[in-house]
Amino acid sequence: MQKAQEAAAILVERRQTGVQGDRLPESCRPTDIPQALAIQQAATDLWCELMDDSVGAWKCLLPVADKTIVGPIYTRTIDSVAPVTVWPKPGAKDIARIEPEFAFFFGKDLPPRAEPYTPADVDAAISRTHLALELMNTRYTDPSKCEFPEMLADGLVNQGLFIGPQVDSELARNTGEFTLNVRYNGESHTHHAKHPNTHPRAPLYWLAEFLRTQGQGIVAGQAVITGSFAGVLEVPMNTNISLKYGDLGEYEVSFRAKS
């Protein structure tokens with residue numbers, strides 16, 4: 001517990017200031033998934049205490065090999081109105097890093113219980129679906145030198161979430177790929193967008209069960225994002241950016257750097 005709190009204090013300070021640092025000290029560096037999740041929870045508790053905040057969303061993907069892919073997104077870091085203030089890409093103050101995603105909002109709780117949650121249970125709890133952007137930033141100077149548990153402990157490079165327009169939920173749940181068009185400064189950038197788990201809701205079903213087994217749950221009002229359709233995109237700050245998700249919808253957004 002003490003090691004988790006030590007690591008959490010370091011990561012939360014970096015999250016508050018936007019300043020990257022070295023790998024966690026070996027004395028509190030996680031070496032496996034349980035240790036990483038303990039630090040992630042300690043960081044969440046500390047952040048919410050210091051910032052008078054709560055968990056407003058989750059990010060997740062289906063597990064890969066021995067990697068559990070899950071992280072909380074804090075309410076104060078969720079926005080739906082441009083310009084959105086973000087920590088810029090390290091070493092490039094005029095660049096924001098984003099991931100195009102779907103955000104599934106829950107209209108009712110999926111609390112801890114003895115009985116497993118079925119996909120039908122999860123589907124019934126979803127109230128609406130929005131186009132969204134995960135806002136990316138790391139708390140490590142050189143993430144490439146970090147092992148996966150260190151990245152998991154820090155919430156997997158998340159710094160927040162932008163919520164775009166609501167779209168047809170049935171259309172979105174059956175859309176695993178589309179053409180993503182990103183326009184800014186008179187230029188158009190086209191991407192073949194494809195969900196990493198094929199089915200956009202597949203990670204939702206896993207998350208509901210994972211949180212249940214952890215004695216947690218999804219709370220009404222929370223959103224869940226389930227993976228980028230186009231990896232990490234780098235876009236300019238202080239610029240109007242248009243994103244069109246195939247036939248699902250489109251929106252404009254802009255970013256400015258936190259100071």
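The values are calculated or read from the model by the stated rules, or taken from the named source; none is laboratory data. Bear in mind the structure is a predicted one, so any value in this text is a computation, not a measurement. With ideal geometry, Cβ positions are generated from the backbone for all residues, glycine too; neighbour counts draw on all protein chains shown.
Laid out as a table, the results:
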| item | result |
| --- | --- |
| Filter result (under 19 Å from ALA220 (Cα atoms) and among the basic types (Lys, Arg)) within segment 41-71 | LYS59 |
| Checking ILE98 against (1) modelled with pLDDT of 95 or more; (2) among the hydrophobic types (A, V, I, L, M, F, W, C); (3) farther than 24 Å from GLU234 by Cβ, the condition it does not meet | (3) |
| In segment 128-143, the residues that are of a type in the set (Ser, Thr, Tyr) and under 19 Å from the mean Cα position of the chain (by Cα) | THR129, THR138, TYR140 |
| All positions within segment 57-85 that are without any contact (Cβ under 8 Å) to a residue 24 or more places away in the chain and within 23 Å of ALA208 (Cβ to Cβ) | VAL64, ALA65, THR75 |
| Elements of type strands (runs of 3 or more DSSP E) contained in segment 40-107, each with 1 or more residues being within 11 Å of the chain's Cα centre (by Cα) and of a type outside the set (Asp, Glu) | 55-60, 70-74, 95-106 |
| Residue list for segment 22-52, filter: surrounded by 15 or more Cβ atoms within 10 Å (Cβ to Cβ) and either free of Cβ contacts under 8 Å to residues at least 60 places away in the same chain or of a type in the set (Gly, Ala, Ser) (or both) | CYS28, ALA36, ALA38, GLN41, ALA42, ALA43, THR44, LEU46, TRP47, CYS48, MET51 |
| Candidates GLN166, GLN216, GLN159 - the one that is in contact with a Leu (Cβ under 9 Å, 6 or more places away or on another chain), in contact (Cβ under 8 Å) with a residue 12 or more places away in the chain and under 19 Å from ALA36 (Cα atoms) | GLN159 |
